[in-house]
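The values are calculated or read from the model by the stated rules, or taken from the named source; none is laboratory data. In this text, all values refer to a predicted model and were calculated from it rather than measured experimentally. Cβ: placed from backbone, ideal geometry, glycine included. Neighbour counts: every protein chain shown. What goes into the accessible areas is simple: the full protein's heavy atoms, side chains included, and nothing from ligands, DNA or RNA. Shrake-Rupley method; radii C 1.70, N 1.55, O 1.52, S 1.80 Å.
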Amino acid sequence: MNEQYEFSKIEPKWQKYWEDNDLFHVTEDESKEKFYCLEMFPYPSGKLHMGHVRNYSIGDVLARYKTMNGFNVLHPIGFDSFGLPAENAAIKNQSHPAIWTSSNIEEMEKQLRQLGFSYDWDREACTYKEEYYKWMQWIFIQFYKKGLAYKKENPVNWCPSCATVLANEQVVDGCCERCGTQVTKKNLSQWYFKITDYADRLLDDIDKLPGWPDKVKTMQRNWIGRSYGYELTFKLKDGDLPMTVFTTRADTIFGVSFMVIAPEHPYVDQLITGQKEEALCREYMEAAKRQSDIERSSTTKEKTGVFTGRYVINPVNGKEVPVYLADYVLMGYGTGLVMGVPAHDQRDFDFATKFGLPIVPVVDAGSGEDLNNLTKAVEAEGVMINSGKYTGMNNKEAIDAIGGDFEKQGIGKKTKNFKLRDWLISRQRYWGTPIPMISCPDCGWVPEKEENLPVLLPTDVEFTGKGESPIVTSKTFVNTKCPVCGKDAKREVDTMDTFLDSSWYFLRYTDARNDKACFDPQKAKYWMSVDQYIGGVEHAILHLLYSRFFTKVLYDLGLASVEEPFTNLLTQGMVLKDGSKMSKSVGNVVSPEEIISKYGADTARLFILFAAPPERELEWSDTGVEGSFKFLNRVYRLIYELAEDTKGIPCVYRLETKDDKQLAYILNNTVKRVSDDINKRFNFNTAISALMELVNEIYRYKELEDVNMGLLRDSAEKLVLMLSPFAPHVCEEMWEGLGMQAPVYKAPWPEYDEAALVKDSIEIVVQINGKVKGKMDVPTGLSKDDLQALVMESEQTAEIVGGKEIVKIVAVPGKLVNIVVKG
């Protein structure tokens with residue numbers, strides 16, 4: 001047999017066998033416990049990268065392990081296939097996005113099959129296909145009927161060159177990340193989902209997710225950002241606008257020395273019109289439009305502002321408080337007005353210092369600092385000072401005391417606030433799900449009739465990359481009839497944010513070929529929730545939050561049987577090379593195709609699972625790949641040698657010798673370790689390490705003069721079974737070579753013998769005067785005195801001591817003995 005076997009030549013054989021026998025297809029089976037294993041579905045960019053290979057290999061090991069343990073395993077795949085890259089390709093190539101998308105999907109399907117992933121391809125879901133987005137539109141209409149979809153005008157980041165809305169993350173240094181054009185703000189009428197109606201449930205139910213990483217749960221809690229406080233109203237001097245702020249710290253109101261207002265606040269125009277500061281204010285407002293919310297709210301950004309010329313009256317002391325425009329205040333949180341307390345907030349301190357505003361301490365934390373000459377904001381936990389009748393109170397008690405007094409006066413109310421904003425779902429692009437809404441002059445906005453779905457994307461469009469969405473160039477799409485009154489009406493030309501498509505695809509997988517409904521609730525009830533979800537930590541907030549929101553709404557609509565979609569979550573780390581994330585621009589990309597061609601898919605899978613624990617970053621290593629390939633060759637040679645030597649020998653044996661017992665111990669301990677590492681800890685690297693130790697032991701044992709062939713046969717079969725989730729192709733080949741009935745995928749997972757894990761003896765370290773001199777086998781369970789006596793009488797001790805006088809023996813049962821000698 002060749003030293004280096006070409007595994008890539010046997011892999012197509014087993015891929016064809018799996019496909020011909022429809023091996024990975026599953027249906028509901030109430031007699032079996034289900035397991036739903038899901039990796040986040042990919043965007044069809046054209047080629048798999050090593051991050052994909054890692055993500056899907058993790059899921060495949062778990063799916064195969066659970067199948068071998070008797071579970072009814074759902075392991076589906078699909079493609080999140082709407083989005084801007086396809087539209088950009090259409091502009092570049094002057095072809096339809098569907099051509100680019102379907103070609104890329106075809107290529108990626110081929111690669112996924114080459115890697116041997118155990119997907120039920122009958123359930124494949126591609127979001128760009130009509131049979132998927134029809135039900136996306138149907139779900140939108142249900143949200144609308146439930147009062148969760150609405151349209152409103154709001155300022156958004158706008159790229160005039162791309163003629164589209166940009167998310168905050170797509171604005172870099174005030175410019176569009178795609179084309180570099182300076183971004184401005186534009187008021188657009190767009191569709192929103194009222195995710196804020198579910199804010200409390202989304203936050204509270206995080207406690208129902210013990211199988212999620214703490215860091216992800218913390219990120220979601222912070223994003224939702226529930227806080228309790230008071231809305232307090234300041235009277236505008238020489239005006240009647242109610243200047244209401246939200247604060248969690250009503251106790252600091254005596255320290256207010258200024259108020260800041262968001263430049264886009266609807267009050268601003270009234271505040272500044274006719275003021276001598278008006279021109280400066282309007283210039284500042286325009287500048288603020290060119291920044292993203294992320295840039296404006298950065299804690300490291302220098303604080304800027306402009307005085308409006310107006311004042312409010314502090315209701316607790318009657319002092320006039322100047323009102324400034326400041327871009328660090330956003331309309332998206334609270335009321336868009338913030339009271340400035342510079343003594344106890346560093347951002348306010350920086351602002352007050354820059355503009356020469358008073359800094360009044362109102363809480364003494366007892367730190368000994370000179371509160372009248374502050375150089376930075378100080379902690380606001382302690383005793384109230386400079387606060388009228390509240391002086392001397394504990395500040396925490398003062399919060400409700402002051403807030404309660406405001407409520408009595410009718411100028412305040414206790415409330416709660418969220419950082420979470422309603423979800424803007426409109427996109428001014430072509431390649432997305434059309435929003436199934438129609439604008440009628442008489443009826444207003446009404447949904448398309450459900451029997452008319454899907455509202456198809458028009459094909460008579462022009463992809464120029466300029467101006468509005470290509471949809472508006474269609475001569476057949478926009479003009480239609482009102483489904484309510486029958487009069488002339490116009491279709492919505494915006495498409496949906498692609499995050500909608502990925503917010504329910506896991507439910508579609510439960511009944512992917514259903515053309516009468518988005519899914520059968522009974523089938524979804526059998527499979528949901530997803531038992532293990534696997535994907536990148538970059539999706540920790542938006543995708544996971546939106547999926548949780550969708551599931552709760554579908555639960556309330558009686559479609560879903562669970563309120564949380566994912567029971568357990570694993571966020572895998574990135575794949576690095578030379579310390580950096582693999583990237584074409586950096587030039588450090590390793591192609592999965594190259595590895596498969598040279599070493600085979602099993603080597604790629606094995607290396608990427610062995611190199612690091614799943615949740616940590618993985619550093620690519622060419623020598624590591626070579627090592628994984630050599631290990632598989634070593635196993636392959638071993639199994640084929642044992643297949644011949646143990647042919648016809650049953651796995652029935654008695655453990656007669658010390659070497660028998662040692663191999664049996666390592667074999668059974670490996671079964672236990674690998675089972676626990678896959679099922680409980682996802683420590684695939686240590687599971688593979690245990691298999692390597694077992695291989696070493698089998699090699700050692702088989703060369704002995706007196707070997708137990710039944711034990712060797714048992715070891716060979718169990719080794720192949722345990723390795724098969726990691727390297728399925730070569731294990732199918734070896735399983736067949738052992739004369740076993742294919743497939744190994746359907747063979748039961750091995751069990752371990754508890755009795756074999758109980759050792760008759762253990763190995764302890766022998767020291768002389770504290771220095772290690774050797775090791776000694778001793779019976780298990782010896783007391784300290786018995787161990788000392790055994791060592792004193794042992795011939796091995798006499799050899800080690802070499803005739804020197806023994807002063808004493810210090811014994812630590814189960815670990816070591818230290819023999820103290822003279823000289």
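In this label model, residue 215 and residue 484 are separated by 5.0 nm, measuring between points 7 Å along each Cα→Cβ vector. Sorting 224-231, 564-571 by average packing, meaning the other beta carbons within 10 Å per residue, from highest down gives 564-571, 224-231.
Sorted into 5 angstrom bins from 0, the C-alpha pair distances of the range 507-558 split as 4, 17, 24, 25, 18, 9, 2, 0 percent. Which shape class applies to the range 661-749: rounded if a/c is under 1.5, otherwise prolate when a/b exceeds b/c and oblate if not, where a ≥ b ≥ c are the square roots of the Cα gyration tensor eigenvalues? Oblate.
The lysines within cross-link reach of residue 661, meaning a Cα-to-Cα straight distance under 27 Å and a gap of 8 or more places when in the same chain, are 647, 672, 702, 718, 759, 773, 775, 784, 815. Projecting the Cα positions of 452, 304, 272 onto the charge dipole of the chain (unit charges on Cβ atoms of Lys, Arg, Asp and Glu, taken about the Cα centre) puts 272 furthest along the positive direction.
Expressed as a fraction of 2.2 N^0.38 Å, the value expected for a compact globular protein of N residues, the C-alpha radius of gyration of the range 196-310 is 1.41. For the chain, the solvent-accessible area with a 1.4 angstrom probe is 44 square angstrom per residue. Of all complete DSSP H helices in the chain, those with a Cα span along the helix axis of 18 Å or greater and a mean Kyte-Doolittle hydropathy of 0.0 or more are 542-556, 684-702, 709-723. Protein heavy-atom surface of the chain, 1.4 angstrom probe: 49% of the accessible area is carbon and sulfur, with nucleic acids and ligands not counted. Under the rule a/c < 1.5 gives rounded, and otherwise a/b versus b/c splits prolate from oblate, where does the range 354-418 land using the Cα gyration tensor? Cα axes put the range 354-418 in the prolate bin.
I'd like the Kirkwood hydrodynamic radius of the range 537-668, using the inverse of the mean 1/r over distinct C-alpha pairs, in Å. Mind dumping the intermediate values first?
Details: mean 1/r = 0.0506 Å⁻¹.
One decimal place: 19.7 Å for the Kirkwood radius.
Of the listed pairs 185/481; 32/194; 152/487; 47/525, which have alpha-carbon separations greater than 28 Å here? From 185/481; 32/194; 152/487; 47/525, over 28 Å: 185/481; 32/194; 47/525.
Give the shape of the chain as rounded, prolate or oblate, defined through the alpha-carbon gyration tensor: a ≥ b ≥ c are the square roots of its eigenvalues, a/c under 1.5 means rounded, and otherwise the shape is prolate if a/b is larger than b/c and oblate if not. Note, shape of the chain comes out oblate.
Given 0.36 nm per residue, what is the gain on full extension from residue 173 to residue 755 after removing their alpha carbon distance, in nm? Write down the numbers at each step before the final one.
Working: separation 582, 0.36 × 582 = 209.52 nm, distance 6.63 nm.
Length difference between fully extended and current span is 202.9 nm.
Rounded to the nearest 5, what % of the DSSP beta bridges within the chain are antiparallel ones? Counting only bridges with both partners in the chain, antiparallel ones make up about 75 percent. Packing-based ranking of 29-42, 70-83, 127-140 yields 70-83, 127-140, 29-42, ordered from highest to lowest mean Cβ neighbour count within 10 Å.
Toward the positive end of the charge dipole of the range 98-150, with +1 on the Cβ of Lys and Arg and -1 on the Cβ of Asp and Glu, the farthest Cα among 105, 142, 115 is that of 142. Structural descriptor for the chain: relative contact order 14 percent, calculated from alpha carbon pairs under 8 angstrom and at least 6 residues apart.
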